[in-house]
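Novice: Before I ask anything, here is the structure I am working with.
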Amino acid sequence: MNKSQNVQFLEHFEIYSNKKYYCAHPHLRVTKRGIWLLIFNRSPRKPIVLHPPWDFEFQNILMTSEDEGRTWLSKKRLINGNLTGFECAGLIPFSENGVIINQWRFHWKFPKEIENKKNNKKIFDPNQHKKSLSSSIDLLLNSGLDINKINFKKIFPKVRVGGECLINILHDSYDNSYKTIKVSTHPYAGGYGMRGGIILENNEVFLPLSDVPNYKRIFAIRSTDNGNNWSLSKIIADEKNTEFEEPSVVLLPNGNIFMLLRENISTIIHSIISKDKGISWTKPKKTELEGYPADLLILQEGLLACVTGNRKKPYQILMYTSDDFGETWSDKIVVKNNLINQDLGYPTIAQRKNGEIVIIYYAQNKQLVTSIHQKIIIIE
């Protein structure tokens, strides 16, 4: 692999920013008809920022673009109406203009509602939010808040009591009507996937998920009827002393399936490959990629592109390319440098017909509003 890459940086702008909301975790995909779809989650802003596993008010918003991300339609659709408690969502285009949206929704209740229900196990207590602040420490320091003086029960009054894996099927990405299916992830408690899946031969949908609420292993489900029915869960990656989650998958030109996995103990991205349509997989292997989680795309030039978010100083959005489908990678391309703090990332990628590469990510802006950003680059 030629390690160095010549890159031209063209444009940067915010797609969505609203001081009333905390917005994060975008996913971008393109339908066969060329409609660009962007989904991200948001929650009303609070004195502190916690991500979806800990904040019960997150919802997912869907936006569309008809000009390859040059402009985004002002109409924003709330998926699943007024329901809340959603993890990050993934998109899987499956027809000319149809898309499957996979979501995990936590169920939340006030403690008083579950005090006398022995079989309804309380998974999480509001006071334990302090343990989940690793991605919010900078925000606390910048705001001057004292973590010991925060009333967590007042800000986050509910506790988690399980959840459900939901599939939304939109046969037209503009249609406000869609079908919602609850999918079993047995024997795992739940399934979370923020990078969607892929379409295999005979239009079979392959969807990798990480187990919720453990976030320690990767399994997959399949559908042969455009998401209406799904197979039983099959394990993909489950190793001792590892915590795999947030898989990103791509179908390679040679027919192999390549996947990158976030690993929370080492904080190193691992790769796995299947040469038999996802039936068996190689043992997870450490990569040289910095940051996480990843998103993958086969570029027009035939290169495999990967984007990640680096939550270590100097806080960056990164891109890598590979000319051997993930065996080796280029030097990192710094798409965005010196972001305000480590609450950033989840970059996602698409390419315009003219070759321009569009990378969308979340980060705080100069007004300290966490927003959805877009960067345009060209590899020369």
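Since every read-out is calculated from the coordinates, none of them should be taken as a lab result. Worth saying up front: this structure is predicted, and the values here are computed from it rather than measured. Counting neighbours? That spans all protein chains shown, and the Cβs are built from the backbone with ideal geometry, glycine included.
Novice: Hey, any idea what Rg/Rh is for the chain, computing Rh the Kirkwood way over Cα pairs?
Specialist: Radius of gyration relative to Kirkwood radius: 0.94.
Novice: Considering Cα pairs under 8 angstrom that are at least six residues apart, work out the relative contact order of the chain and quote it in whole percent.
Specialist: 17 percent.
Novice: A follow-up question, please. Using 0.36 nm per residue of separation minus the Cα-Cα distance, give me the extension gain between LYS366 and ILE155 in nm, one decimal.
Specialist: 73.5 nm
Novice: May I ask for the net charge around ALA294, where only other residues with Cβ less than 13 Å from the Cβ of ALA294 are counted and Lys, Arg are +1 while Asp, Glu are -1?
Specialist: Here the charged neighbours net out to -3.
Novice: Count the net charge of all other residues whose Cβ sits under 14 Å from the Cβ of LYS46, scoring Lys and Arg as +1 and Asp and Glu as -1.
Specialist: +4
Novice: First select every other residue whose beta carbon is under 13 angstrom from the beta carbon of TYR178; then total the charges, Lys and Arg +1, Asp and Glu -1.
Specialist: 0
Novice: Let me ask another. Can you give me the convex hull volume of the Cα atoms of the stretch 1-97, divided per residue and expressed in Å³?
Specialist: Normalising the Cα hull of the stretch 1-97 by residue number yields 178 Å³.
Novice: Right, another one. Can you pull out the trypsin sites (Lys or Arg not before Pro) in the stretch 164-258 whose DSSP state is coil and whose Cβ has at most 12 other Cβ atoms within 10 Å?
Specialist: Working: sites: LYS179, LYS182, ARG195, LYS216, ARG217, ARG222, LYS234, LYS240; in loops: ARG195, LYS216, ARG217, LYS240.
Filter output for the stretch 164-258: LYS240.
Novice: Any of LYS234/LYS277; LYS182/LYS277; LYS216/LYS375; LYS76/LYS336; LYS19/LYS76; LYS216/LYS286 with alpha carbons more than 21 Å apart? Name them for me.
Specialist: Table pairs above 21 Å Cα-Cα are LYS182/LYS277; LYS216/LYS375; LYS76/LYS336.
Novice: Give me the aspartates and glutamates in straight-line cross-link reach of LYS75: C-alpha distance below 17 Å, same-chain residues under 8 apart excluded.
Specialist: Those aspartates and glutamates meeting the cut-off are GLU14, GLU66, ASP67, ASP172, ASP175.
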